[in-house]
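Derivation of every value follows stated rules applied to the coordinates shown; laboratory data play no part. If you're wondering where the values come from, they're calculated on a predicted model, not measured in any experiment. For neighbour counting, all protein chains shown are included, and Cβ atoms are generated from backbone atoms with ideal geometry for every residue, glycine included.
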Amino acid sequence: MPLGDDNDFRTSRWQVARRFPGLMERGGDGSAMIPSFNRPTGYSDITMPPIGIPPIPGTTITLPGISITGGPEGGGIFPPIVFPPITFPTIPVGGAGGAGTTITVETANDGSGNPATYTGITTIEFTGSNLTSVIQSPAGTAVVNYSGGGGGGGSTLVYGKITGATKNATLAKWTYSVQPYLNGAPNGAAVTAYNLLEESNMGTNAYGYQVQAGTGDRIVATNYFVRSVPLDAWVRMEFTDDVDGTSKYWFSAPNRIDGGC
C-alpha cells in the first residue's frame, strides 16, 4: 500500500500535502483556473543510439563476402553488416543475342554433291536470286522458301574458272573443281561441278564418237582421245536440281579432242 495510506498503521498519522499539480494537469489548487488536463503536445528530442551486437572477444564470423571480428572485451560494437551486391546471371533468350543458341543444320547437298551436317551454327545467311521468303512457323522453326526456275527446284547462275578435273575410270566423264568468281574476284571455296555435254557418254560412245571399251575415251581405230574441258577455262554454272533430287553445279562446255595419226 502507498506511503501514508490510512490503513497503514505505520503512517496513519502522516499527512501528505500536495504542493504541485501533476505535469499533465493545469488549474486546481492555488490557481484561478479550474482543474483540467493538458493534451500531449510538442515532440521529443530523445535520440536512440545505434543498436549493435555486443562483441564476442576473439571471435570471427565469416560469411560469403562478409568477415566480422569481435572487439576487445567490453569495448565497442560490431560494425554494420554490409552485404555484397547480388548479381543475377544473364540468361540467353532465343537465338541471336546473348550467347546464342546452338542449332544443327542438315543438308542433302553441301554444294559439291555431298551430304553434310553442320553444328554450332548461330547465323544462317542465304545468298542468290531466288530467295522468296523466310518465316517462323511454328515457333522455333524457320521455313525458307527458296524457289525459282531451272530444274524445278530453283537455280542460281554462277561464273567460275575450272581448276581441276578427275576422270571416271571407264567413261569419258569428269568431276570438275571450279572456283566461283564474283565481281572479278574469287568468291568462296572451289565447288564440284559437272559437264552436261558428258552426261550421255557411255562405255563405247563418247561425245558422238565410237570409243574403245575400257577407259571409254579413245576414239575407235584412231589415236585420238576425248579429253576433259581444259583447266583455266571459264564456265557459267547453274546450281540446280539433278534428276535424283539433289542439287549440283552444272555447266556446258566442249571437250577437247587431241592425239595424232
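For this structure, a couple of remarks:
- Computed on the stretch 156-260, with alpha-carbon pairs under 8 angstrom and 6+ residues apart, the relative contact order is 29 percent.
- The shape of the stretch 201-261 comes out oblate: with a ≥ b ≥ c from the C-alpha gyration tensor, a/c is at least 1.5 while a/b does not beat b/c.
- All other residues whose Cβ lies under 13 angstrom from that of Ala233 are scored, Lys and Arg at +1 and Asp and Glu at -1, for a net of +3.
- Once the Cβ-Cβ distance of Ile121 and Asn187 is raised to the sixth power relative to R0 = 30 Å, the FRET efficiency obtained is 0.90.
- Two-site FRET efficiency, Ala221 against Ser252, from Cβ-Cβ distance with R₀ of 25 Å, rounded to 0.05: 0.30
- Counting neighbouring Cβ atoms within 10 Å and putting the fewest first, the residues Leu197, Leu171 line up as Leu197, Leu171.
- Between Cys261 and Thr141, the FRET efficiency from the beta-carbon distance, with R0 = 51 Å, is close to 0.20.
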